[in-house]
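Undergrad: If you scroll down you'll find the structure; I have some questions about it.
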Amino acid sequence: MDKQLLLRLIALVTLIAVVKLANANICYTCMDEPDGYLPYDPDCGMSDYQGIVTNDSHYHNCVTRIYAEGHGGVARYGVVLHFGECGYEPGYFTECYCTGEKCNTNSLCEQCEWHTMGPI
C-alpha cells in the first residue's frame, strides 16, 4: 500500500472516530422507583439531579420522563433519536427531550403541557 494512501486512510478513520465521539451523548440514567428498568437512585426525582450517567455513542437525545401518579416516579435516560421537545402517553407519562451532555437535569418537564396527562 502506498504511504500517501495509508496516511489518508488513517486520517479518514481518525476523522470518523472523532465525529462519532462528538455525536455521543452523556445522559443521566436513573429511576426513583426501586423496581424500575433503570438504575435505582432515590434522588432521581430531584429537579437538579446530578447522579448516575451513561455515555453511549448511539444517544443523540436525553430524556426526563415523569410518570403519572400510581405509574412510577421519574426516569432519566438516553435515546437514539427523537424529534420535538415533549412526548406524552396520556394518563401514564409526560417526557421531555434535550440534546447536550447531561442535559436531562434542572427540569421536570415544566415546559410540556401537563393537561395532556388526562385522568388517572
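Undergrad: Might you report the magnitude of the Cβ-based charge dipole of the range 25-117 about its Cα centre, with Lys and Arg at +1 and Asp and Glu at -1, to the nearest 20 debye? Walk me through the intermediate numbers first.
TA: On the way: 3 positive and 14 negative charges, 48 e Å.
So the dipole magnitude of the range 25-117 works out to roughly 220 debye.
Undergrad: If you keep only loop residues by DSSP, which GluC sites (Glu not before Pro) in the range 41-114 have at most 16 other Cβ atoms within 10 Å of their Cβ?
TA: Numbers: sites: E69, E85, E95, E101, E110, E113; in loops: E69, E85, E101, E110, E113.
Those satisfying the criteria are E69, E85, E101, E110, E113.
Undergrad: Between C86 and T99, what is 0.36 nm times their sequence separation minus the Cα-Cα distance? Round to one decimal in nm.
TA: On the way: separation 13, 0.36 × 13 = 4.68 nm, distance 1.26 nm.
Value of the extension gain: 3.4 nm.
Undergrad: For the range 29-72, calculate the relative contact order in percent as a whole number, restricting contacts to Cα pairs under 8 Å that are 6 or more residues apart.
TA: Values: 38 pairs, mean separation 12.1, N = 44.
Contact order relative to length: 27 percent.
Undergrad: Return I26, I66 ranked ascending by Cβ neighbour count within 10 Å, so the fewest neighbours appear first. Mind dumping the intermediate values first?
TA: On the way: I26 17, I66 21.
Ordered from fewest to most neighbouring Cβ atoms within 10 Å, I26, I66 come out as I26, I66.
Undergrad: Grab the beta carbon distance between Q50 and E110, set R0 = 25 Å, and tell me the FRET efficiency rounded to 0.05.
TA: On the way: r = 18 Å, r/R0 = 0.74.
E(calc), rounded to 0.05, equals 0.85.
Undergrad: List the residues whose amide H sits under 5 Å from the amide H of E33, counting only those 5 or more places along or on another chain, with H placed 1.01 Å from N in the peptide plane.
TA: D41, G73, V74
Undergrad: Can you give the direction-averaged projected area of the convex hull of the alpha-carbon atoms in the range 25-117, in nm²? Could the numbers behind the result be given before it?
TA: Numbers: hull surface 21.3 nm².
The Cα convex hull of the range 25-117, projected and averaged over all directions, gives 5.3 nm².
Undergrad: A further question follows. Can you classify the range 34-88 as rounded, prolate or oblate using the Cα gyration tensor, where a ≥ b ≥ c are the square roots of its eigenvalues, rounded means a/c under 1.5, and otherwise it's prolate if a/b beats b/c and oblate if not? Walk me through the intermediate numbers first.
TA: On the way: a/c = 1.84, a/b = 1.27, b/c = 1.45.
Here the range 34-88 falls in the oblate category.
FYI, it's all coordinate maths here, none of it is from the lab. Predicted model only: the values in this text are computed from it and were never measured. All Cβ positions, even for glycine, are placed from backbone atoms using ideal geometry, and neighbour counts span all protein chains on display.
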